[in-house]
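Read-outs: derived from the displayed coordinates by stated rules, not from any lab. Since the model is a prediction, treat every value here as computed from it, not as a measurement. We place every Cβ from the backbone using ideal geometry, glycine too, and count neighbours over all the protein chains shown.
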Amino acid sequence: TDILLEKGYAYECYCSKYELEAAKEKALARGEQPIYNRKCLHLSEAEKNELKSKGIKPSIRFKVDDKIVVVKDIIKGEVHFPTNVFGDFVIVRPDGVPVYNFAVVIDDALMKISHVIRGDDHLSNTPKQVLIYEALGFDIPQFAHIPMILGPDHSKLSKRHGDTSLNQFKEKGYLPEALFNYLTLLSWSAPDGKEILTKEETISLFRLDNVSKSPAVFDFGKLKWMNGYYIRNLPKDYLTERVVPFLDLNDNFLKKYSDRLKDMIYSIKDKIELLTDANDWIKIYQSYPDSLDNEALEILRLPTSRDVLTHFINELSKFQEIDTDIYKEITSSVQKITGAKGKALFMTIRVGITGTTKGPDLDKICTLLYKDDIIARIEKTLNVMESIC
RNA sequence: GUCCCCAUCGUCUAGCCUGGCCUAGGACACCGGCCUUUCACGUCGGCAACAGGGGUUCAAAUCCCCUUGGGGACGCCA
């Protein structure tokens with residue numbers, strides 16, 4: 001600040017907050033720009049000392065000439081700002097603490113920052129900063145003002161639009177690489193239009209000069225889709241590692257089946273609120289048969305249901321363990337014996353085992369579970385049927 | 001209010017700089033078909049946009065101007 005003061009780029013201002021406030025309101029009332037009136041610009045040393053002796057501490061203002069500042073921006077191009085819209089602005093407060101616009105310049109210049117990349121909303125701060133760079137003789141960095149991300153209502157994205165912090169997304173089960181990939185596609189796109197990109201691909205393709213100028217609305221739906229895509233396509237081992245923190249591993253069921261779990265999760269793509277939904281689905285298993293809903297009960301009330309389940313157990317008992325082929329064999333035998341087919345056959349088995357009408361493919365369910373477990377579950381269902389049918 | 005930025009399907013965008021190849025391409029969402037004896041996934045098809053008006057030009061989504069619309073900034077906040 002000494003340099004700026006000495007060279008006449010800045011001066012001390014003894015005006016009080018109240019004075020300034022009043023002046024501002026007056027100007028606004030007259031429909032004019034609220035610009036500092038330079039009252040303190042020409043104070044003599046004597047006057048300053050007098051004010052100081054009264055205990056008034058000055059703030060320091062940057063003296064702004066009436067001209068047009070041209071900001072060169074990689075994304076926006078050359079932007080012209082008349083300085084008379086902001087006037088002489090404060091650089092240091094009376095307590096000696098520098099103001100943001102001043103501090104960033106000093107900071108960045110000292111650290112030899114080459115590129116200042118930030119949100120669009122900082123564009124109008126930039127001319128002030130450029131002025132300071134120039135006064136101090138610093139090299140002006142390259143600026144790149146990225147368009148803002150808007151909420152679904154097209155206003156600046158904020159808390160009231162829902163989850164906006166990385167941790168919230170993480171807690172909800174969004175994979176970091178999916179979020180990264182999605183965010184990357186806002187106001188930018190790969191030259192070939194490819195949308196699913198690894199971090200490495202993005203880094204090698206990304207160029208500031210093909211970032212779009214217009215703001216982007218955050219689309220939670222597309223993020224969701226992309227996260228699902230990642231969940232489905234990432235290597236299974238890696239996926240399991242990612243999924244485990246979201247599951248209640250203390251539970252016996254999960255302990256017992258954790259090795260087969262990845263296949264199951266891999267197949268649960270329905271209404272993925274994501275990983276957390278997989279957890280819900282598993283809970284349906286766990287809480288069975290308390291989870292029987294009307295739809296499931298209806299299936300169990302079918303006249304053939306009892307037969308189907310009983311014979312399913314019988315047939316299954318003939319085998320050591322169940323796999324896809326055996327599953328087919330069993331279901332066709334049960335069909336022959338009971339005469340039940342279609343929904344009456346498969347839905348009954350589904351409900352008998354899982355207690356619900358929804359879930360992964362039946363053959364997958366059957367191969368996921370162990371034979372004894374299936375039998376136990378169906379027997380449970382048969383017991384339940386005693387009481388409700 | 002003043003200044004600045006922006007403007008292609010509902011949303012993210014390609015194309016715009018270097019006008020004709022645009023019958024405006026892709027993705028999400030949505031709607032249908034297929035697959036699956038559930039739901040999803042997958043797959044095939046469909047709906048859907050150059051904000052409006054003036055120019056310039058043989059030719060405009062592309063270049064220029066105006067209007068409208070949206071966003072942001074106007075602090076001794078960061």
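Tabulated data for the structure shown
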| quantity | calculated |
| --- | --- |
| Calculated P(r) of the range A:1-156 - Cα pairs past 22 Å, % | 50 percent |
| Placed amide H near A:Phe143: partners under 5 Å, 5+ positions off or other chain | A:Ile74, A:Val116 |
| The range A:78-195 shape via C-alpha gyration tensor axes, a/c threshold 1.5 | prolate |
| Share of alpha-carbon pairs per 10 Å distance bin for the range A:1-56, given as whole % | 21, 41, 30, 8 |
| Additional length obtainable on full extension of the chain from A:Lys39 to A:Lys328, 0.36 nm per residue less Cα span | 94.8 nm |
| Flagged links, alpha-carbon separation over 18 Å, of A:Lys328/A:Lys371; A:Lys194/A:Lys222; A:Lys170/A:Lys213; A:Lys17/A:Lys52 | A:Lys170/A:Lys213 |
| DSSP-loop trypsin sites (Lys or Arg not before Pro) across the range A:162-201, with at most 12 other Cβ within 10 angstrom | A:Lys194 |
| For the range A:299-311, Karplus couplings with θ = phi - 60° (6.51, -1.76, 1.60), whole Hz, Gly/Pro x | 4, 5, 7, 4, x, 8, 4, 4, 4, 4, 5, 4, 6 |
| Label-point separation in nm, A:Val79 to A:Glu171, each point 7 Å along Cα→Cβ | 3.5 nm |
